[in-house]
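Only one structure is covered here, and it is reproduced in the block below.
Since every read-out is calculated from the coordinates, none of them should be taken as a lab result. Quantities reported herein were computed from a predicted structural model and do not represent experimental measurements. Virtual Cβ from ideal backbone geometry, glycine too; neighbours counted across all protein chains shown.
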Amino acid sequence: MSRELSLDDIVTEFLLSTCQLCPASRSQHTVEAALRCSEFATARPDEDDTDFAGIPLTTGSVAEFYIEPILPLFGDIDMMHHLNTELAIPRGHPPPTQLPAEFHNYVKVHEIIDSHLPGYVYLELRYLLTQCSDDDNYNAVEYDRGKYLSNQLLSAEAEFHGPAAVLRPPGESPALSLDQVPCVRCLMWPSQAADWPTRHRNYNWPDSATLDRVVSNGCDVVRVAHRQCRQDEWMCKAQHRLSFSRAEIVLLNRWSPVQQIVYHMLRYFVKTERLIDCADNREAGTLSNYHIKTLMLWASEIKSSSWWTDDINLVRICVQLLHTLAHWLTNGDCEHYFINCGNLVDSSFNLTNIRDQLMLVDETWLSKWFVRNYIQKCLQVNDCSQNISWLFDDVTTRTKLQNGVSALVAWRQKKNSFGVVGRV
């Protein structure tokens, strides 16, 4: 930073220099998530049936990010889990004859039935699978139709955030809270997203190997009804939602460091500005992290690699993406990344103010915002020396700000010895 930089360049250089590559084996939060999953996997809820178990999967930020910004990424640990006695299959698909070793000897198979809302389904009990003792294959017995799986499996006394049961650490424990999301495993790619693997892509993202891996992982079915259906006595108990968390983990880990940093910046901005979950009416739709993730997934597919890498300006990228989101809100159309005809914005959304706020954001304003709300906050949450803090007492010129940022970057790089995110 020897020459005087523009404000957006200062923000860009700061984030590129302080968002470091974090190997999963050295991430404190990854280790904590692995321990939580291990505890869950080894627990036996039925002492009379030691083969009955829940199968956990770490999801959310811990699984999706491989960068470690100077400000924390994680507020909690997200974990999905399915029972090894239940399985979902696409409608009309024959029952499987073989299953992964994690499954029980007896498995109830539910058929995925579309609802009137794209991405929301019902699970109709169709088969009981019994594992043969001689060859480990499964035989299927068909159930009478008409019995649907309820999504009301957790205690009403639990604290919920969407479909997740929130488990908070006791007292002053430094451990993160755990969001547990019960689901039903589907080993096959769902028919509702059949067009996703084969649709035309101008820039070959994701590539064919990644597409194959995503599809081979199948999906999950989460036990939660659409908010518009929660007043209906039957739908509020029987409706479920398709979850593509496994696919998202694979895709987000295929992003470049620049894309991961932009995703972090966007999430930090909308959360700090209280643009998420800000509707007064609880039955109305609100902006969420999933809208930001969807925005980034579409941008990764429809933007060329040069859009991300040529003359990198993180602030400019963020502004353009925020304006894209504003246009989506204006048109009432936020297309689901995986499900054809799925819309993440509907008539219940009241986001006019958010749309107007996003449209007013420009590079100058957002650069100043990140200096004030991100760079200077780094001094508060990190134990920086007094010499560095003193440099930020007066940042009335870009040169003075640049000097303070340079000292903070040097401190960060000295504190952490593993890889620095460069211009890739």
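Structure summary
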{"read-out": "Net +/- balance of residues flanking ALA326 in space, Cβ distance below 14 Å, scoring K and R +1, D and E -1", "value": "-3"}
{"read-out": "Highest to lowest packing among 265-274, 98-107, scored as the average C-beta count within 10 Å", "value": "265-274, 98-107"}
{"read-out": "Tensor-based shape of the range 75-254 (alpha-carbon gyration tensor, a/c under 1.5 rounded, otherwise prolate or oblate)", "value": "rounded"}
{"read-out": "Pairwise FRET efficiency - ALA101 versus GLN413, Cβ, R0 = 45 Å, nearest 0.05", "value": "0.50"}
{"read-out": "Anchor LYS368: lysines whose Cα lies under 26 Å away (excluding residues fewer than 8 positions away in-chain)", "value": "LYS271, LYS293, LYS377, LYS400"}
{"read-out": "Karplus-derived 3J(HN,Hα), 6.51/-1.76/1.60, for each residue of the range 245-255, Hz, glycine and proline x", "value": "4, 4, 5, 5, 4, 4, 5, 5, 6, 8, 5"}
{"read-out": "Under the Karplus curve 6.51 cos²θ - 1.76 cosθ + 1.60, θ = phi - 60°, whole-Hz ³J(HN,Hα) for the range 203-209, x wherever Gly or Pro sits", "value": "10, 6, 10, x, 6, 5, 5"}
{"read-out": "Overall dimensions of the range 192-245 as given by Cα atoms, namely Rg and Dmax in Å", "value": "15.6, 46"}
{"read-out": "Separation in nanometres of the label points that stand 7 Å from Cα toward Cβ, at SER305 and ASP212", "value": "1.9 nm"}
{"read-out": "Ranking of THR330, THR198 by count of other Cβ atoms within 10 Å, fewest first", "value": "THR198, THR330"}
{"read-out": "Full-extension gain in nm, ASP232 to ASN137, via 0.36 nm per residue minus C-alpha separation", "value": "30.2 nm"}
{"read-out": "Under 13 Å, Cβ to Cβ, from TYR263 - net charge with Lys/Arg +1 and Asp/Glu -1", "value": "+2"}
{"read-out": "Karplus 3J(HN,Hα) series, Hz, for the range 305-316 with 6.51 cos²θ - 1.76 cosθ + 1.60 (x for Gly, Pro)", "value": "4, 5, 4, 8, 10, 6, 6, 4, 9, 4, 5, 4"}
{"read-out": "Neighbour net charge for ASN202 - beta-carbon separation under 14 angstrom, K R +1, D E -1", "value": "+1"}
{"read-out": "Distance between modelled label sites at ARG398 and ASN204, nm, 7 Å Cα→Cβ extension", "value": "3.8 nm"}
